[in-house]
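Undergrad: Structure provided below as structure tokens; questions to follow.
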Amino acid sequence: MSEEIVIAHLYPREMSIYGDLGNVIALRKRLEWRGYDVVVRPVEVGEPVDLAEADIVFGGGGQDSGQLVIGADLLARGESLRALAASGTPMLVICGTYQLFGHGFTTIGGSELPGISVIGARTVGSTVRMIGNVVVESPFGRLVGFENHSGQTTLDPGQEPLGTVTKGHGNTSTGHAEGARTMNVIGTYLHGPILPKNPHLTDHLILTALNRRFGVTELAPLEDAVEHRAADVAALRPQ
């Protein structure tokens, strides 16, 4: 029997726009190509799921309406998710889920959605739409993606961003920070989806999970020429 990795996919019904499901597919395939079995466990509102079994946690983007649907359920799972984060579990949360992994989100209509405070950040809705191709320089190397959000996310003092924007907007319409990193949790506004075009980031999440679960310290290399070409093309597109 092959060794097994469990991916917890938070709220795929409500929080999976702009191709974010492709991130789960990328994680699954790059694990399977290396001989691992993968279980993707959807976490939907009101459904009992033991998050402690998760090796990787993923949450995608969604509309404000989707955040309203999942908000109370996410808060109820907040203690479990904070414990997973503190234990070093790798997580990738995008756009709407990224906002709710912070301290909270105030919608443009004035609704207050409290977050679970895994990430030191707070988001406020605005009339400015930040949309277009994004290039970010990060500790993982260059990251390319696509943003489409009106939330302005301010990081707490001392909260590390994911990286620095060289094309596009990122967390706010006026700054240069994109996303956030805390422990092994990564928050970002990059859709695209982000992982297929950035296999080095995918492999970082995978290696972190495999190291925690099985003590793996090195990944078998994969042929990533197509992925790198896609990233190069995306990076050259107009914003």
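Undergrad: The conditions are (1) more than 18 Å from Glu32 (Cα to Cα); (2) among the small types (Gly, Ala, Ser); (3) in contact with a strand residue (DSSP E or B) (Cβ under 9 Å, 6 or more places away or on another chain), and Ala225 fails exactly one of them. Which is it?
TA: Ala225 satisfies all of (1) more than 18 Å from Glu32 (Cα to Cα); (2) among the small types (Gly, Ala, Ser); (3) in contact with a strand residue (DSSP E or B) (Cβ under 9 Å, 6 or more places away or on another chain) except (3).
Undergrad: Also: Say whether the condition of being surrounded by 14 or more Cβ atoms within 10 Å (Cβ to Cβ), over 30 Å from Val233 (Cα atoms) and touching an Asp or Glu at 6+ places or on another chain (Cβ under 8 Å) is met by at least one residue in segment 46-59.
TA: No, the conditions are met nowhere in segment 46-59.
Undergrad: Name the pairs whose Cβ atoms lie under 9 Å apart, with the first residue in segment 9-21 and touching a residue at least 24 places away in the same chain (Cβ under 8 Å), the second of a type in the set (Val, Ile, Thr) and assigned to a loop (DSSP other than H, G, I, E, B), and 6 or more positions between them or separate chains?
TA: Tyr11/Val45; Arg13/Val45; Glu14/Val45
Undergrad: If you don't mind, there's one more thing I want to ask. Please list, ordered by first then second residue, the pairs with beta carbon atoms under 8 Å, 6 or more apart or interchain, first in segment 218-239 and closer than 23 Å to Leu207 by Cα, second aliphatic (A, V, I, L, M).
TA: These pairs meet every condition: Glu218/Leu207; Leu219/Ile206; Leu219/Leu207; Leu219/Leu210; Ala231/Val144.
Undergrad: A follow-up question, please. Just wondering, is there one or more residues in segment 189-205 that are hydroxyl-bearing (Ser, Thr, Tyr), surrounded by 21 or more Cβ atoms within 10 Å (Cβ to Cβ), modelled with pLDDT of 95 or more and in a strand (DSSP E or B)?
TA: No; the residues of segment 189-205 include none that is hydroxyl-bearing (Ser, Thr, Tyr), surrounded by 21 or more Cβ atoms within 10 Å (Cβ to Cβ), modelled with pLDDT of 95 or more and in a strand (DSSP E or B).
Undergrad: Here's a check for you: in segment 166-185, which residue that is among the hydrophobic types (A, V, I, L, M, F, W, C) and either modelled with pLDDT under 95 or surrounded by fewer than 24 Cβ atoms within 10 Å (Cβ to Cβ) (or both) is farthest from Gly110 (Cα to Cα)?
TA: Within segment 166-185, the match that is farthest from Gly110 (Cα to Cα) is Met183.
The values are calculated or read from the model by the stated rules, or taken from the named source; none is laboratory data. Given the structure is predicted, the values throughout are model-derived calculations rather than measurements. As a convention, Cβ positions derive from the backbone with ideal geometry for all residues, glycine included, and neighbour counts pool all protein chains shown.
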